[in-house]
Structures are given as structure tokens and as C-alpha cells.
Amino acid sequence: MTVLLRDATDADVAAITAIYAVEVTDFVNTYEYDVPDAAEMQRRMHDIVARGFPYIVAEVDGHVAGYAYANTYRGRIAYQWTVENSVYVDAAFQGKGVGTALMQGLIDACVARGYRQMVAVIGEPTNTASIKLHERFGFHLVGIFRGLGRKHGRWLDTVQMQRALGDGVDSAPSNE
């Protein structure tokens, strides 16, 4: 199976929306209750890209098999070299290397943009597939927030993981 990574386009929004809809309705990882429609997902994608963050899709045999993007970790200026990642894989393609390809592509795109830290906010410690994916890429557990969210009638813990990008904290960024 060949995975092609490329920048997301408006033509991908329907597939992205469908992948995300399953996460919202069937799982707790997103912490959203209501499925955003395609127009909202397109607005979100445009906002992320307009601010210079990567937003990529993984394509397999002409089908969008997953997508990933980086976004602002926090809004304060001192966080400008830190991004938060998101990786979503269509259920039909899980366990086939799509998440791995997306994560590598996202990390590479963030390093190329000069980011120095990547944070993963993972819904629930039971999301072992996401935790293992992040661990394979050098993320380490920073902590678990207990009961940070609530969905499907239960309190949710949130896993926080982190990894350095590029030089990390070993040098000052070139744009400082």
C-alpha cells in the first residue's frame, strides 16, 4: 500500500469531515459533542493554513485515508515556537501505516517551519493506538489531567505528551 502525503485542499473537506464525524459520535477523543458540518471543517482548515501551519492528508489509491495538522498550542507570544498536533485516520486504514506517515510528514513540516516543540493532547489514556504512535516518534508522557472533560456520560482524563523538534531548546530560534 502506497501512502501519498500532500497538502489538504477544499476537495478533501468532505472526506475529512466524514473521518472526523466518526471520532465525534463514536469516541471521546475530540471532546466535541456535535459533528461540525463541511462548511465548518473547511473554515477551520482555512484558518489553520492561513496562519502558516501545515494541514496534510494521506491519500491511498485516490482516497483520503487520514489527515493531520498542527495548530497553536496556546495564544501567548512565548508559545510561538510550540505547536499542538492532531492526527486522524479513517477506520478502514487504521493499523496500515497511515498514521505513521502522517505523523512523520507533520513533524517534518513543523521542523521546516522552525517550530521547536510539539505537544499532543490525547483524549483518554485508553487511546493506546495514539499513545503508541506518539511514543514511536519520541514523544514522552508529560502528565495526565484527571477528569478534564466530560462526554458520553463520563469524566475524561487527558494525556499530555511532548517532543522536541529540530534543535528543541539547545539553541535560540532564528526568528527571535
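The values are calculated or read from the model by the stated rules, or taken from the named source; none is laboratory data. Worth saying up front: this structure is predicted, and the values here are computed from it rather than measured. Neighbour counts are summed over all protein chains in view; Cβ atoms, including those assigned to glycine, are modelled from backbone coordinates with ideal geometry. Side chains included, ligands, DNA and RNA excluded: accessible areas come from the protein's heavy atoms. Shrake-Rupley method; radii C 1.70, N 1.55, O 1.52, S 1.80 Å.
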List the number of the failed condition for Val87; all other conditions in (1) farther than 19 Å from Ile122 by Cα; (2) touching a helix residue (DSSP H, G or I) at 6+ places or on another chain (Cβ under 7 Å) hold. (1)
Inspect all residues belonging to the stretch 124-137 and state whether any of them is out of contact with any strand residue (DSSP E or B) (no Cβ under 7 Å at 6 or more places or on another chain), open to solvent by 30 Å² or more (accessible area, probe 1.4 Å), under 14 Å from Phe27 (Cβ atoms) and outside any loop (DSSP other than H, G, I, E, B). yes
So is Asp170 open to solvent by less than 50 Å² (accessible area, probe 1.4 Å) and either of a type outside the set (S, T, N, Q) or out of contact with any Ser or Thr (no Cβ under 6 Å at 6 or more places or on another chain) (or both) or not? no
Restricted to the stretch 138-153 and to residues being in contact (Cβ under 8 Å) with a residue 24 or more places away in the chain and more than 18 Å from Ser86 (Cα to Cα), the residue most open to solvent (accessible area, probe 1.4 Å) is His152
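Rundown of residues vs (1) within 12 Å of the chain's Cα centre (by Cα); (2) open to solvent by 70 Å² or more (accessible area, probe 1.4 Å); (3) of a type outside the set (Asp, Glu); (4) under 21 Å from Met161 (Cα atoms), yes/no style:
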{"position": "Val60", "(1), (2), (3), (4)": "no, no, yes, no"}
{"position": "Ala65", "(1), (2), (3), (4)": "no, no, yes, no"}
{"position": "Tyr69", "(1), (2), (3), (4)": "yes, no, yes, yes"}
{"position": "Tyr79", "(1), (2), (3), (4)": "no, yes, yes, yes"}
{"position": "Ser86", "(1), (2), (3), (4)": "yes, no, yes, yes"}
{"position": "Val89", "(1), (2), (3), (4)": "yes, no, yes, yes"}
{"position": "Gly97", "(1), (2), (3), (4)": "no, no, yes, yes"}
{"position": "Leu102", "(1), (2), (3), (4)": "yes, no, yes, yes"}
{"position": "Ile107", "(1), (2), (3), (4)": "yes, no, yes, yes"}
Test: Asn85 is polar (S, T, N, Q) and in contact with a Cys (Cβ under 9 Å, 6 or more places away or on another chain): yes
What number of residues within the stretch 27-50 satisfy the criterion of being closer than 17 Å to Glu84 by Cβ and open to solvent by less than 50 Å² (accessible area, probe 1.4 Å)? 5
Tell me, which strands (runs of 3 or more DSSP E) lie completely within the stretch 28-114 with 2 or more residues that are within 20 Å of Lys132 (Cβ to Cβ)? 63-72, 82-89
Kindly list, by first and then second residue, each pair from a residue in the stretch 14-40 that is within 17 Å of Gln94 (Cα to Cα) and among the aromatic types (Phe, Trp, Tyr) to a residue that is modelled with pLDDT of 95 or more and crowded, with 16+ Cβ neighbours inside 10 Å, limited to pairs with Cβ atoms under 8 Å and residues at least 6 apart or on different chains. Tyr20/Val35; Tyr20/Pro36; Tyr20/Met41; Tyr20/Tyr88
